[in-house]
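The values are calculated or read from the model by the stated rules, or taken from the named source; none is laboratory data. Values in this document were obtained by computation on a predicted structure and should not be read as measured data. So basically every Cβ, Gly included, is an ideal-geometry build from the backbone, and we count neighbours across all protein chains shown.
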Amino acid sequence: MKKYIILLCGLMITATSCKKFLDLKPLDSYTEKTFYLDEKGLQGGLVTCYDALQSDSLYGNNLLTLGELRGDNLIDNDPGSGAGVRNQIEVFAETSANSILSATWMGHYKAIYRCNIILDRAPAITMNETIKGQIIGQAKFIRALSYFNLTRIWGKVPLVLTVQTTAEARQNTRAASEQVYQQIIDDLKDAGTKLPASWPDGQRGKATSFAATSLLGKVYLYQKKFDLVASTLQPVVTAIYDRNLLDTVPQNRTFPNNLKTSKDIIFAVQYLLGGVKEFVHQDNRYRNNNNTNIINIPQSLFESGDNRRPLVAITGTGGRPGKFNSPQLNNETSGDFPVLRTTDVLLMYAEALNETAYGNTEAFKALNVVRKNANASLKTAVLLTSQAEFRTAVYLERRLELALEADRWFDIVRTNQMAAIFPGIPAFRSLYPVPQVEIDNINNKGGYQNDGYN
């Protein structure tokens, strides 16, 4: 580009005319310093935070690979695809050079960076304080969700809470998981006080106080703080019962077709068709249309009348599972991706109550509400006679209910089932290797890689 400017200047009659040419600037361009100056700028910036979640690096594709293909719900039937980077993850052979890992790391920090800009600029802007609080609450929710995924995937990660320069970023170190979790908790607690319980229909899809509280309960679950899980989720569970926030008709549980209005959804990453570039490529939802994935959930795990069975069977258009059988246009799909659902909350609640003390009637109730909604038989103390049996039942229920929703691998790790399900796999593989491209950009590289990886 520079040589063309020099050439053009050489053809100018005077040096003054060249200078004037070089000084011209687009009048409609924004920078970070000029964009986030008012409510309109904050709202526009908030859109980019949600946009980051839509990317292929996160819920558009990669979290499905890291959260499902790594587990026992899928088999990759095209191991050579993409130079084998997906297959490496499935067979526990990924290295720090794996491009899926580097894209996922950068994708999450892109979301965090955008949230940090909002949180940095919002306090100084004069505007309606309630609306400002809602913007801050949404940015904190998305930042918390991003850090939750990061620490589930890598354990220790840099905890970046400000807008950094490149030089500052090179000084980052990895914070302990406990420190990351504490920041997630702080963000979610604050978001819960600022966000509304619901939004008008035209704004459905934004984070709510229910979403913040539900994610907070999930964070406590990963920390095994079961008493806090139960007390945190109890108000959400009460609302689920009082408002009947479940979809009982099987066809309504085919998420992409009904997700935008489903009672079951607490938070989802939304996609649209129609030339607005908010779609997700249809190949990214397990790529079953090319027969490159085989769903590995034994149909025998479902009871004969269980209405979740067809949701994981290859019955959808193009050979995709029923759960992700969504409208298509020009190799695109508008299918939303569920992140938090009411049934997930109920199962977390049941698990926490059982871990606190076996025999809790509310634990059985929560489990059975999920099973009744699936048209499955109910569980009683006669069938589940101990804390261990109830625990096993909840683990299975999570696999069936949340199948293909990017939770399976993380559930296996947090419940200490890895050795039983994947015998012979080294324990260090419970975390992924830190991308080498990230380590290359850090000044102090010592201790930056997870144990077990080069």
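Structure data summary
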| quantity | calculated |
| --- | --- |
| Leading residue by the ranking (nearest to Leu161 (Cα to Cα)) among those in the range 79-108 that are in a helix (DSSP H, G or I) and in contact with a strand residue (DSSP E or B) (Cβ under 9 Å, 6 or more places away or on another chain) | His108 |
| Qualifying residues in the range 127-142 (those that are in contact (Cβ under 8 Å) with a residue 24 or more places away in the chain and either polar (S, T, N, Q) or touching a His at 6+ places or on another chain (Cβ under 6 Å) (or both)) - the one surrounded by the fewest Cβ atoms within 10 Å (Cβ to Cβ) | Asn128 |
| Count - residues of the range 200-241 that are under 19 Å from the mean Cα position of the chain (by Cα), outside any helix (DSSP H, G or I) and more than 19 Å from Phe337 (Cα to Cα) | 1 |
| Yes/no for Gly133 being farther than 28 Å from Phe410 by Cβ and small (Gly, Ala, Ser) | yes |
| When residues of the range 162-197 are limited to those that are hydroxyl-bearing (Ser, Thr, Tyr) and assigned to a helix (DSSP H, G or I), the one nearest to Ser430 (Cα to Cα) | Ser177 |
| The range 180-203 residues that are of a type in the set (S, T, N, Q), paired with ones that are in a loop (DSSP other than H, G, I, E, B) (beta carbon under 9 Å, 6 or more apart) | Gln183/Leu159; Gln183/Leu161; Ser198/Arg204; Ser198/Thr208 |
| Qualifying position, being within 30 Å of Thr213 (Cβ to Cβ), at pLDDT 65 or above and buried (at least 23 other Cβ atoms within 10 Å of the Cβ), among Asn354, Asn325 | Asn354 |
| Near pairs, Cβ below 7 angstrom, 6+ apart or cross-chain, from the range 105-116 (closer than 18 Å to Gly41 by Cβ) to any residue that is of a type in the set (Lys, Arg) and buried (at least 21 other Cβ atoms within 10 Å of the Cβ) | Cys115/Arg143 |
| Ala420 vs. criteria among the small types (Gly, Ala, Ser) and farther than 28 Å from Thr173 by Cα | yes |
| Where a residue in the range 62-90 is touching a residue at least 60 places away in the same chain (Cβ under 8 Å) and buried (at least 18 other Cβ atoms within 10 Å of the Cβ) and its partner, wherever it lies, is aromatic (Phe, Trp, Tyr) and assigned to a helix (DSSP H, G or I), with Cβ under 7 Å and at least six apart | Leu66/Trp409; Gly67/Trp409; Gly67/Phe410; Glu68/Trp409; Arg70/Trp409; Gly71/Trp409 |
| Positions within the range 313-322 being at pLDDT 65 or above and farther than 16 Å from Asp336 by Cα, in sequence order | Ala313, Ile314 |
| Pick from the range 415-429, criterion free of Cβ contacts under 8 Å to residues at least 24 places away in the same chain, exposed (fewer than 13 other Cβ atoms within 10 Å of the Cβ) and not hydrophobic (A, V, I, L, M, F, W, C), ranking: nearest to Tyr222 (Cα to Cα) | Asn416 |
| Only listed residue being buried (at least 17 other Cβ atoms within 10 Å of the Cβ), free of Cβ contacts under 8 Å to residues at least 60 places away in the same chain, over 15 Å from Leu431 (Cα atoms) and not charged (D, E, K, R), chosen from Leu159, Leu150, Leu145 | Leu159 |
| Unique residue being of a type in the set (Gly, Ala, Ser) and free of Cβ contacts under 8 Å to residues at least 24 places away in the same chain when the list is Ala388, Ala393, Ala376, Ala403 | Ala388 |
